[in-house]
Amino acid sequence: MDKIIRRIYILVLFLGIGYMVYALMIGRNTIVSHVEATATRQLVPYETQTKPDGTHEFLLQTDEQDDRVSMAIQFLSSHQYVEVYDGDSLLYSVTAEPSLFGHTTGTGINFVLLPVDARLIRVCITPVFAGSSTSEPVFYYGDALAMYRSVIRSSIPDAVMSLVIIILGAFMILYWLITRKRIGQSPAVLYFGIFSAMIGLWSLNETNLMMVLCVNRIVWSVVGYMMLMLLTVPFIQFVRFFLEIKNPRVCNMLCLSYCILTVVLTVLHMTDVWEFKKSVWVIHLMMLLGLSYMIAALAVHVRREGFDHKARTNLIAFVLLAVSIVADFIAYYMGLQQTDILGKIGILAYILLLGRESASDALEKVDEGRKAEVYRTLAITDVMTGLLNRSAFEEWEAQCEPEKNMVLVTFDLNNLKHCNDTFGHAAGDTYIIDAAKMIRHVFGTVGKCYRIGGDEFCVVIADGRHLDLKRYLTKLRRQQEEYNRENSEVKIHIAVGYAAYGEEHTNIEDVRSRADTYMYRNKKQMKEEEV
């Protein structure tokens with residue numbers, strides 16, 4: 001079921017990303033403005049009135065003595081049609097034609113260049129969605145370039161924090177992709193990375209910097225809503241895997257519901273039946289249910305494991321995240337200009353706190369994996385020679401599916417008993433160790449070397465039929481001769497036999513038996529030559 005949920009979410013994720021990319025590529029002409037949106041003092045309207053159709057009209061008066069051509073007014077509009085007049089002359093407007101991205105104008109900062117002789121400015125703001133409450137905009141008047149730079153400069157801290165969150169998320173995703181197979185990394189790291197990256201992208205989209213740089217706010221409004229919908233599933237999956245919830249039924253049910261709901265809301269938005277702006281409360285409810293699942297999962301973890309370090313960390317993280325989300329909700333429903341900076345700091349603190357905890361878990365698994373690998377190596381390695389041991393050979397033998405190109409080479413050490421009896425067991429150990437070094441030096445690059453008995457060795461060459469084995473055997477014989485010339489006491493004599501897997505063999509043991517037959521013939525021949 002986990003794989004099914006993961007695949008469904010990935011499908012919905014790609015559909016969402018595709019829709020956002022399509023919006024970015026195709027939707028550039030959905031907003032029409034008469035003047036291209038190119039601080040200073042605040043302008044307080046000297047007259048305000050509301051018309052029956054919901055339009056708010058504001059009359060502004062500029063400085064009579066200011067004749068600079070670069071003067072402008074600046075104000076924020078959120079899902080509103082905007083018209084700015086100098087007398088009866090239209091200076092600026094923001095409208096939107098119905099499209100697959102809705103007919104809202106999104107949220108953006110308006111910069112309206114004023115004529116030199118403009119003194120009385122009339123600003124008309126009409127909500128796109130009838131009945132929606134909006135806060136009264138704050139108007140600023142001054143040099144256009146100075147205001148533009150001021151907005152960018154003041155939004156840099158917000159943008160930097162958002163970028164840090166995105167980078168942390170991307171790093172966690174990359175880390176999981178690298179380590180998932182090597183150490184069996186938990187999917188918690190992946191899901192937390194996706195969640196962090198998405199909440200960072202959403203947060204960056206809400207900054208004044210993006211409002212200034214990205215003029216087409218209808219498209220970026222779609223991106224923001226899609227990000228909010230897509231981040232709930234990875235958050236819930238992260239909580240489940242991080243707190244090690246054994247029963248995934250509730251998690252999977254929620255994730256499947258969210259995937260279906262995301263598709264449904266997107267289709268309703270594209271068909272102009274129920275736009276994201278109207279259904280945003282459903283998106284917020286999805287997020288609150290995600291927080292509720294975190295509380296329930298934390299309670300299950302505490303009941304099972306007690307109030308341990310992980311539970312304490314999650315409780316602190318939950319408070320940070322809950323406060324941040326509530327602050328964002330308040331900012332949104334009160335019509336404030338952008339996400340509160342305290343909420344963004346809380347989200348960053350949450351990600352750093354749980355990111356540190358996830359990294360700690362990951363490092364423990366790396367350490368456990370390293371220890372397991374050490375124990376595994378010790379279990380299959382011959383301590384004396386460093387070659388693979390008999391257990392490793394038997395394990396390979398049980399799992400092996402022999403191929404026609406496979407060759408087995410067997411070895412036996414002549415006169416080991418005589419060496420032990422004459423020079424002592426220390427000399428016998430030296431005989432075994434030095435002989436093993438020769439075998440590994442000659443055959444280690446083409447096959448796996450095993451010590452399968454006291455003085456018995458075997459090399460498995462997966463692709464040995466086309467190998468010039470005589471050349472390797474000659475090399476081994478020369479190494480023995482050089483060793484024996486330099487050592488006057490212990491002489492090394494290694495008997496060798498080999499056989500290739502063929503149609504006449506039914507299993508590996510048959511191949512080994514045939515190789516042993518040739519090896520014992522070689523052993524007998526070597527003893528006869530010594531006499």
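The values are calculated or read from the model by the stated rules, or taken from the named source; none is laboratory data. Just so we're clear, the structure is a prediction, and the values are computed from it rather than from any experiment. Glycine also receives a Cβ, built like all others from the backbone with ideal geometry; neighbour counts cover every protein chain displayed. Quick note on the areas: whole protein, heavy atoms, side chains included, nothing else; ligands and nucleic acids left out. Shrake-Rupley method; radii C 1.70, N 1.55, O 1.52, S 1.80 Å.
Over segment 264-323, with the other protein chains present, what is the accessible area per residue in square angstrom, probe 1.4 angstrom?
Solvent-accessible surface per residue comes out at 48 Å².
Would you pull out the residues with amide H under 5 Å of Asn110's amide H, same chain only if 5 or more places away, H placed 1.01 Å from N?
Phe75, Leu76, Ser77
Rounded, prolate or oblate: which one fits segment 129-264, using the alpha carbon gyration tensor with axes a ≥ b ≥ c (rounded when a/c is under 1.5, else prolate when a/b beats b/c, else oblate)?
oblate
With label points built 7 Å along Cα→Cβ from the Cα atoms of Val383 and Ile156, find their separation and express it in nm.
6.4 nm
Round to a whole number: what % of the accessible area of segment 424-531 belongs to carbon and sulfur, probe 1.4 Å?
The value for segment 424-531 is 46 percent carbon and sulfur by accessible area.
Rounded to the nearest percent, how much of the accessible area of segment 145-238 (1.4 Å probe, protein heavy atoms only) is carbon and sulfur?
74 percent
A 26 angstrom limit on the alpha carbon distance is what I want to check against. Which of Lys404/Lys470; Lys417/Lys437; Lys3/Lys277; Lys437/Lys524 exceed it?
Pairs exceeding the cut-off: Lys3/Lys277.
Check Thr105: other-chain or 5+ apart residues with amide H under 5 Å from its amide H, H built from backbone geometry?
His79, Gln80
Applying a 10 Å radius around every beta-carbon, put 284-292, 510-518, 479-487 in order of their mean neighbour count, most first.
510-518, 284-292, 479-487
Using 1/(1 + (r/R0)^6) with R0 = 22 angstrom and r between the beta carbons of Phe129 and Ser70, what's the FRET efficiency to the nearest 0.05?
After rounding to 0.05, the efficiency reads 0.05.
According to a simple spin-label model (label point 7 Å from Cα along Cα-to-Cβ), what is the distance in nm between Leu256 and Ala322?
In this crude label model, Ala322 to Leu256 measures out at 2.9 nm.
Taking R0 as 25 Å, what's the FRET efficiency between Glu509 and Lys470 from their Cβ-Cβ distance, rounded to 0.05? Walk me through the intermediate numbers first.
Numbers: r = 25 Å, r/R0 = 1.01.
The value I calculate is 0.50.
Would you please put 115-123, 40-48 in order of how densely packed they are, using the mean number of other Cβ atoms within 10 angstrom per residue and starting with the highest?
Descending packing order for the listed peptides: 115-123, 40-48.
How much length is gained on full extension from Asp429 to Leu285, taking 0.36 nm per residue of separation minus their Cα-Cα distance?
On the way: separation 144, 0.36 × 144 = 51.84 nm, distance 7.37 nm.
So the extension gain works out to 44.5 nm.
Label Gln42 and Tyr520 with points 7 Å out from Cα along Cα→Cβ: what is the distance between them in nm?
Result: 10.3 nm between the two label points.
Stretch Thr422-Leu120 to full length: gain in nm at 0.36 nm per residue minus the Cα-Cα span?
Numbers: separation 302, 0.36 × 302 = 108.72 nm, distance 11.67 nm.
So the extension gain works out to 97.1 nm.
Would you kindly state how much longer the chain becomes between Ala170 and Tyr483 on full extension, computed as 0.36 nm times their sequence separation minus their alpha carbon distance, in nm to one decimal? Spell out each step's value before the answer.
Working: separation 313, 0.36 × 313 = 112.68 nm, distance 5.71 nm.
Going from the current span to full extension adds 107.0 nm.
Could you compute the FRET efficiency for Trp274 and His309, with r as their C-beta to C-beta distance and R0 at 35 Å, rounded to 0.05?
Efficiency, rounded to the nearest 0.05: 0.20.
Long-range amide H contacts for Tyr92: which residues qualify at under 5 Å (H placed 1.01 Å from N, peptide plane, sequence gap of 5 or more or a different chain)?
Here Val84 satisfy the definition.
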